[in-house]
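I'd like to ask you about the structure that follows.
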Amino acid sequence: MELGERARERGLDDRVLVLGHREDVPQILTASDVVVDASYAGAGLTGSIREALACERPVVATDLAGMPELVVDGETGLLVPPRDPDALAQALRRVLENPTWAQTMARAGCKRVDAHFSLRAKLDATEALYRRLVETSAA
């Protein structure tokens with residue numbers, strides 16, 4: 001059964017949108033009140049959460065793999081245990097009921113993405129590595 005059908009069956013079709021492939025992701029993210037990654041078998045950092053933070057949106061994500069590198073719980077977003085719908089619901093409620101706090105976390109998340117996960121940060125780290133390697137081989 002498709003996600004959209006499940007939402008309709010539960011009477012949520014007016015609140016749940018299943019969008020499929022989109023080219024306007026930044027616009028969708030900036031229009032969102034909160035961005036959620038509820039993965040339960042994560043394989044590292046997800047682009048969706050990184051992009052949401054870069055767009056200064058509040059995030060809730062499952063505490064998997066490398067996600068805590070990006071989402072510092074209570075500082076740049078909220079982390080919840082995987083496969084725990086009650087914890088996910090509680091985290092979403094906290095974010096939605098405290099928009100000023102949520103926006104403070106989103107701003108901190110944006111700064112974290114810029115400092116550690118942006119193209120500039122990666123290029124700076126690569127350049128620093130090359131400089132260390134050149135200095136070590138010259139010594």
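Here, each number is a calculation from the coordinates, and none is a lab measurement. Not measured: the values here are computed from a predicted model. Neighbour counts are summed over all protein chains in view; Cβ atoms, including those assigned to glycine, are modelled from backbone coordinates with ideal geometry.
For 16, 72, 113, what ranking results if the residue with the fewest other Cβ atoms within 10 Å of its Cβ goes first? Provide the component values of the computation, followed by the final result.
Working: 16 12, 72 15, 113 21.
The fewest-first ordering by Cβ neighbours comes to 16, 72, 113.
Where the only charges are on Cβ atoms (+1 Lys, Arg; -1 Asp, Glu), what is the dipole of the chain about its Cα centre, to the nearest 20 debye? If you can, show how the numbers build up before the last one.
Numbers: 17 positive and 22 negative charges, 57 e Å.
With Lys and Arg at +1 and Asp and Glu at -1, about 280 debye.
For residue 80, list long-range residues whose amide hydrogen, built 1.01 Å from N in the peptide plane, is under 5 Å from its own amide hydrogen.
Placed amide hydrogens put 61, 62, 63 under 5 Å from residue 80.
Pick out, from 102, 116, 74, the residue whose Cα sits farthest towards the positive end of the charge dipole of segment 32-138, with +1 on the Cβ of Lys and Arg and -1 on the Cβ of Asp and Glu.
The listed residue farthest towards the positive side: 116.
Moving on. Just want the answer: with Cβ charges of +1 for Lys and Arg and -1 for Asp and Glu, which residue in 17, 31, 85 is farthest toward the dipole's positive end in segment 1-138?
31
I'd like the GluC sites (Glu not before Pro) in segment 29-94 restricted to DSSP loop residues with at most 15 other Cβ atoms within 10 Å, sorted by number. Before the final figure, lay out the partial values.
Details: sites: 51, 56, 69, 75; in loops: 56, 75.
Answer by residue number: 75.
Here is a follow-up. Report, in whole Å, the centroid distance computed from the Cα atoms of segment 91-132 and segment 51-80.
9
Please order 49, 28 by the number of other Cβ within 10 Å, starting at the fewest.
Details: 49 25, 28 15.
Result, fewest neighbours first: 28, 49.
Say a site is exposed when it is one of the trypsin sites (Lys or Arg not before Pro), sits in a DSSP loop, and has at most 14 other Cβ atoms within 10 Å; what is then the longest site-free stretch of the chain? Walk me through the numbers on the way to the answer.
Details: sites that count: 10, 15, 22, 83.
With trypsin sites (Lys or Arg not before Pro) excluded where exposed in loops, the chain gives 23-82 as its longest stretch.
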